[in-house]
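The values are calculated or read from the model by the stated rules, or taken from the named source; none is laboratory data. Every value quoted in this text rests on a predicted model; they were computed, and no experiment measured them. Reconstructed Cβ throughout: ideal geometry from the backbone, glycine too, with neighbour counts over all protein chains shown.
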Number of protein chains: 2
Amino acid sequence: MASVQPVTSKRVPRAVREQQMLDAAVSVFARRGFQAATMDEIAEIAGISKPMVYAYLGTKEELFTACLRREATRMLEAVIAAVGATAGPDEQLWNGLRGFFSFVGAHRDGWTVLYRRSRGREPFASEWHSMRCRVVEIVSLLLSRAVAGVGGPGGPSAIEAVTYALVGAAESMADWLVDHADSDPERTAARLMNFVWLGAEDLLRGATWRSAAG
Amino acid sequence: MASVQPVTSKRVPRAVREQQMLDAAVSVFARRGFQAATMDEIAEIAGISKPMVYAYLGTKEELFTACLRREATRMLEAVIAAVGATAGPDEQLWNGLRGFFSFVGAHRDGWTVLYRRSRGREPFASEWHSMRCRVVEIVSLLLSRAVAGVGGPGGPSAIEAVTYALVGAAESMADWLVDHADSDPERTAARLMNFVWLGAEDLLRGATWRSAAG
DNA sequence: GGCGTACCTTACTCCCGCGTAACCTTACGT
DNA sequence: ACGTAAGGTTACGCGGGAGTAAGGTACGCC
């Protein structure tokens with residue numbers, strides 16, 4: 001849980017205040033959505049008065065975009081770090097999923113803003129789309145490598161389809177994770193891993209995927 | 001001279017007007033979202049003045065809920081009809097997916113309201129949740145039957161996980177379909193079918209699932 | 001100790017959009 | 001042929017929230 005704690009009556013340097021404001025904004029945007037969120041509430045939760053928000057971070061739209069960018073960067077870095085230099089397509093997928101769900105579990109509000117609150121929302125559609133393309137590209141690249149090491153599939157179009165299905169499934173499970181406070185990121189990752197890697201046919205027969213390292 | 005539908009016929013029976021209003025509301029809510037949508041625009045698109053909307057369908061919240069219910073009912077009926085009395089787990093899944101994506105392709109605005117615009121939105125969260133539970137229950141039931149006919153899996157928890165992953169993947173692909181005006185529902189269904197049924201492992205090797213019916 | 005600057009506030013203006021009051025007009029039964 | 005209700009309208013009250021002006025207060029630096 002990101003803390004929105006301090007609220008000391010002390011004066012605070014700009015860089016710190018900006019982060020506090022972004023924390024507050026992410027929390028409020030996640031709970032209310034862009035339109036229903038009010039600058040007054042964001043300011044109050046940040047422990048500051050409204051004009052300060054305008055002074056540091058600009059209008060409501062600019063503030064939302066700033067939230068979007070910060071959370072997207074954090075998430076991408078978390079996933080990339082998790083995949084690291086692992087070799088083998090299944091291990092790569094497994095580590096990527098773990099990193100992703102671990103991030104979502106630790107930054108539920110961030111994920112909510114990133115996904116639910118900005119998707120298709122008109123002033124932010126292009127911003128969101130470009131971020132999503134980055135993700136799709138990365139996953140696509142990993143899948144291409146996996147294919148190259150095994151055998152020929154149906155072409156680049158098939159890989160793109162798999163990528164979209166995979167990313168979509170992960171996003172949806174993340175949404176499920178956010179709505180269930182008691183759920184475990186690791187377990188969620190394992191469930192999706194089984195489903196994605198084996199497919200329904202094998203899964204219905206009771207098969208399970210196992211990490212070579214475990 | 002008298003046309004089939006006289007243009008001067010301004011007066012329209014209540015039941016018809018209500019459907020026109022709901023059509024307009026779905027379209028506007030889909031484009032703008034709940035907060036940003038205005039009753040004035042909905043009324044204008046419905047070809048009527050604002051007080052009529054209040055007279056027939058109540059407040060903005062009540063209007064949105066009415067849209068939600070209408071579209072949800074339509075979608076469930078489409079999918080159930082598509083699955084019909086088909087036998088065999090893979091054919092059931094295939095028909096269900098075809099019915100679902102066919103509905104989404106034909107009612108893009110309806111799906112947008114149903115999914116993007118109401119998810120987690122506070123006044124409508126419970127409504128949305130109960131509708132989703134109906135879907136999950138139905139899919140779960142189908143999967144259980146498939147398992148019973150083949151062999152024992154890991155228990156009800158495993159089925160629930162597969163169900164959530166499957167429903168989530170379908171929802172996400174539907175979202176993708178909505179954003180790509182030129183895309184084909186049938187093709188989308190086939191792509192998801194391959195991914196879901198075979199799993200990434202088989203898919204990366206170039207395998208494809210084929211309907212037994214040809 | 002004074003002075004500039006960065007930090008921070010109270011107290012507005014103004015617009016926009018929900019919901020309504022009060023009023024018109026066409027269709028239809030009798 | 002006329003009363004009544006269903007269908008329809010214009011015009012406004014009013015609350016809430018984005019954005020701003022004008023003015024404090026502490027901190028660092030000479």
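Assess whether B:Q92 counts as being within 14 Å of chain A (Cβ to nearest Cβ), over 20 Å from B:V178 (Cα atoms), polar (S, T, N, Q) and assigned to a helix (DSSP H, G or I).
On the way: within 14 Å of chain A (Cβ to nearest Cβ): yes; over 20 Å from B:V178 (Cα atoms): yes; polar (S, T, N, Q): yes; assigned to a helix (DSSP H, G or I): yes.
Yes: the conditions hold for B:Q92.
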Would you mention how many residues in segment A:159-203 are among the hydrophobic types (A, V, I, L, M, F, W, C) and in contact (Cβ under 8 Å) with a residue 40 or more places away in the chain? 10
Report, by residue number, each residue of segment A:16-65 that is free of Cβ contacts under 8 Å to residues at least 60 places away in the same chain, in contact with a Phe, Trp or Tyr (Cβ under 7 Å, 6 or more places away or on another chain) and crowded, with 19+ Cβ neighbours inside 10 Å. A:R17, A:M21, A:A37
Take the residues of segment B:127-149 that are surrounded by 17 or more Cβ atoms within 10 Å (Cβ to Cβ) and more than 19 Å from the chain's Cα centre (by Cα): which is farthest from B:F64 (Cα to Cα)? B:V147
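Restricted to segment B:109-126, and to residues that are assigned to a helix (DSSP H, G or I) and either surrounded by 15 or more Cβ atoms within 10 Å (Cβ to Cβ) or more than 14 Å from chain A (Cβ to nearest Cβ) (or both), which residue is nearest to the chain's Cα centre (by Cα)? Reasoning before the result, please.
Going residue by residue through segment B:109-126, those that are assigned to a helix (DSSP H, G or I) are B:109-115, B:122-126.
This time we only want the ones that are either surrounded by 15 or more Cβ atoms within 10 Å (Cβ to Cβ) or more than 14 Å from chain A (Cβ to nearest Cβ) (or both), so: B:109-115, B:124.
On the way: B:D109: 10, B:G110: 7, B:W111: 5, B:T112: 8, B:V113: 9, B:L114: 6, B:Y115: 8, B:F124: 16 Å.
Ranking the candidates gives B:W111 first.
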It is to be established whether one or more residues within segment A:140-159 are closer than 18 Å to B:S172 by Cβ, hydrophobic (A, V, I, L, M, F, W, C), modelled with pLDDT of 80 or more and not in a loop (DSSP other than H, G, I, E, B). no
